[in-house]
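Okay, structure first, notes after.
Since every read-out is calculated from the coordinates, none of them should be taken as a lab result. Predicted, not measured: the structure shown is a model, and the values here were computed from it. Cβ atoms come from the backbone with ideal geometry, glycine included; neighbour counts cover every protein chain shown.
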Amino acid sequence: MAAPTAMHQGMQSCGVCGLLSRPSLEPGVRRCPRCDEILSFRKPNSIQRTWAFLLAAAVCYVPANVLPVLTTTTATGSESDTIMQGVVLLWSPSGWPLSIIVLVASILIPSAKIIALAYLLVSVQRNSLANNERRLRLYRTVEFIGRWSMVDVFVDTFTAALIQLQPLMSVEPGPGLFFFAAVVVLTMLAVESFDPRLIWDATSAQEVGYG
Ligand SMILES: [Zn+2]
């Protein structure tokens with residue numbers, strides 16, 4: 001049996017204060033009676049906005065990995081390293097845990113987030129009825145991971161490890177770091193734009209149709 005939803009009852013919850021209200025059916029902008037926020041059933045243009053941020057993130061992901069993120073100068077000369085070169089450089093009998101942290105935080109998690117969000121968007125656009133709970137869990141995982149700043153993880157770990165390897169004279173950010181920060185910010189915006197309630201819309205529509 002279909003569970004009644006606020007939307008079927010003509011109720012809307014405020015995105016700011018959470019108050020559930022039954023807005024008037026008169027045409028025009030509907031506002032929250034408590035805090036005057038504009039009401040909508042879903043985040044406006046959720047799918048288009050999420051795709052836009054996600055595609056921008058995917059585009060920035062390429063230079064983030066191809067361009068050097070750090071230029072380090074030592075007594076023997078200066079060297080520019082990409083993220084992957086940093087991972088390789090850190091790999092040693094004592095440094096391998098740091099190497100794995102950088103690999104996971106800087107390469108695997110950002111790409112996994114992009115793939116996961118793309119999957120959620122495509123499944124919603126295809127009105128998928130399957131795996132709703134699993135898809136919601138996937139969204140919550142992506143949302144949770146996004147609260148960590150991966151740029152910090154990389155820069156701190158990499159710099160600290162390099163200082164241990166040899167005395168550094170200077171460390172300078174490379175152009176890759178800018179794109180890397182852009183990937184982090186854009187994926188967070190994409191997560192924020194996606195409305196997880198969309199996952200259930202196709203199921204709710206079918207339940208209403210047959211019930
Ligand atoms: Zn409100």
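Inter-label distance, Ala52 to Thr71: 3.5 nm, where each label sits 7 Å from its Cα along the C-beta direction. Taking the helices alone, the chain has a mean residue ellipticity at 222 nm of -17500 deg cm²/dmol, built from -39,500 (n - 2.57) per DSSP H run of at least 4 residues and averaged over all its residues. If you build a Gaussian network model of the chain, linking Cα atoms that sit under 10 Å apart, which residue out of Met188, Met84, Met169 swings the most? Looking only at Met188, Met84, Met169, the biggest GNM fluctuation is shown by Met169. Compared with the direct C-alpha span, the chain from Leu129 to Ser40 gains 29.7 nm at full extension, assuming 0.36 nm per residue. Among Ser94, Ser80, the order by Cβ neighbours within 10 angstrom, fewest to most, reads Ser94, Ser80.
The translational diffusion coefficient of the chain, from Stokes-Einstein at 25 °C and 0.890 mPa s with a Kirkwood hydrodynamic radius over alpha carbon pairs, comes to 123 µm²/s.
In the elastic network of the chain, a GNM with C-alpha springs shorter than 10 Å, the most mobile of Pro27, Pro196, Pro110 is Pro27. Dipole orientation for the chain: of the candidates Val88, Ala105, Val66, Ala105 has the Cα lying most toward the positive pole (charges on Cβ; Lys, Arg +1; Asp, Glu -1).
Once you reduce the stretch 114-147 and the stretch 92-109 to the center of their Cα atoms, the two points are 26 Å from each other.
Against the compact-protein benchmark of 2.2 N^0.38 Å, the Cα-based radius of gyration of the stretch 12-124 scales to 1.74. When the alpha carbon gyration tensor of the stretch 1-41 is reduced to an equivalent ellipsoid, its three semi-axes come out at 19, 13, 7 angstrom, largest first. Given springs between every Cα pair under 10 Å in a Gaussian network model of the chain, which of Tyr139, Tyr119, Tyr61 has the largest fluctuation? With Cα springs under 10 Å in the chain, the top fluctuation among Tyr139, Tyr119, Tyr61 is at Tyr119.
Among 173-185, 44-56, the peptide with the highest mean count of other Cβ atoms within 10 Å heads the list, and the full ranking is 173-185, 44-56.
Among the DSSP helices (H) of the chain, those spanning at least 18 angstrom by Cα along their long axis with an average Kyte-Doolittle hydropathy of 1.0 or more are 46-66, 109-125, 150-165, 175-193; this is a geometric and hydropathy rule only. Charged side chains reduced to their Cβ positions (Lys and Arg at +1, Asp and Glu at -1) give the chain a dipole of some 800 debye around its Cα centre.
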